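Presented below is the structure to which this report refers.
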Amino acid sequence: MMVGHAMLAFALATALTARRWSRERALAFGVAAGAFAAVPDVDMLYAVFGLAQVGLAGVWTMTDAFWSSSHVVHRAVTHSLVVGVVGAAAFAASVAGRGPTDGDSATSTVAGRWSRLLAVSLVAGLAAVAYFESGALGGAVMLAFLVAGLAIAAVAARTAALGPREVLAAALLGLLSHPFGDVLTGGPPRFLYPFDLRLLTERVVLLSDPTLNLLAVFGVELATIWLAAWVYLHATDRRVLSHVDTRAAFGVAYAIAAMALPAPTMEVSYHFVFSVLAVGAVGVAPNLLPSRSVLSAEWDETVTWVVTGLTAVSVAALTSTLVYALSPLL
């Protein structure tokens with residue numbers, strides 16, 4: 001769901017502002033919201049330490065170590081709605097006085113200094129709360145979360161000319177939408193951290209069959225990415241079908257893998273996820289000629305590569321679902 005968080009925030013932010021703002025500004029706002037939506041998963045960095053502890057072991061040993069370590073702090077410190085609101089305020093306050101809308105008057109300069117002082121206070125407060133509530137590890141994760149958010153806010157203010165209000169809106173949209181996207185996978189987030197109140201105690205299950213449930217969750221992820229793609233194409237006056245190459249039909253061939261591999265579940269899904277995503281390579285693979293770099297492609301062609309790959313993955317996922325559903329009859 002990591003990609004889905006950013007895609008959903010981008011789609012919502014761009015769609016909500018496309019009619020009132022210029023295309024470039026709406027897209028920039030959407031990118032900022034998407035970037036903020038990815039920030040809570042900075043807590044996954046701790047999983048790297050767990051991976052380092054087992055070294056070069058077997059694939060399953062390494063993956064188990066990675067996810068076991070990630071669960072130590074994952075979806076707690078950085079996935080809180082409370083932290084999201086305070087963090088968004090800090091990120092917005094940190095860019096006050098930098099944008100062109102703030103002016104060059106003495107009053108604006110003083111207001112900017114007070115806003116940045118507020119940002120420092122909020123950042124220090126969040127780091128301190130995380131340290132006292134979750135120890136040094138929690139404090140370190142919170143600090144990484146805050147640094148990432150401040151960096152995104154600074155880039156948004158300088159390159160996209162987004163002011164404090166726009167940064168606040170983008171941060172709120174990204175940070176507050178993220179936790180809800182995690183209710184379908186793994187353990188539920190601590191929505192009200194640092195308060196010891198639980199809105200959910202276990203993940204939401206869409207279907208009772210474990211394999212169909214995984215495929216349904218994967219379908220939700222794909223739908224989110226498709227929504228973002230549609231919003232982008234619509235905002236840039238492009239049509240979806242104009243950017244889908246016939247190579248996407250290759251996704252049907254995933255039926256072979258679906259019959260050969262074990263049925264995936266939420267607990268054991270690596271073989272499905274990695275293999276089905278690999279199908280997306282058909283979007284760009286035929287263009288990887290020795291004399292031509294991917295970076296040399298025209299942007300419009302790049303869009304076609306991405307949409308074709310996404311279509312191929314969607315076809316592969318649907319094919320896998322049909323194979324599993326019809327397997328009792330085969």
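The values are calculated or read from the model by the stated rules, or taken from the named source; none is laboratory data. Bear in mind the structure is a predicted one, so any value in this text is a computation, not a measurement. FYI the Cβ positions are ideal-geometry reconstructions off the backbone, even for glycines, and counts take in every protein chain you see. We work out accessible area using only protein heavy atoms, side chains counted, and drop any ligands, DNA or RNA first. Shrake-Rupley method; radii C 1.70, N 1.55, O 1.52, S 1.80 Å.
Please work out the Cα convex hull volume for the range 139-280 and give it in Å³ per residue.
Considering the Cα atoms of the range 139-280, their hull volume per residue is 173 Å³.
Counting only protein heavy atoms and a 1.4 Å probe, tell me what percentage of the range 129-246's accessible area is made up of carbon and sulfur.
66
Relative contact order (percent) for the range 122-234, with alpha-carbon contacts under 8 angstrom and 6 or more residues of separation?
Averaging sequence separation for qualifying contacts and normalising by length gives 13 percent for the range 122-234.
With every protein chain left in place, what is the accessible area per residue of the range 204-290 in square angstrom, probe 1.4 Å?
54
What value in Å³ per residue do you get for the convex hull of the alpha-carbon atoms in the range 147-190?
For the range 147-190, the hull spanned by Cα atoms encloses 85 Å³ per residue.
Evaluate the distance, in nm, between pseudo-label points positioned 7 Å from the Cα of residue 325 and of residue 266 along their respective Cα→Cβ axes.
In this crude label model, residue 325 to residue 266 measures out at 2.1 nm.
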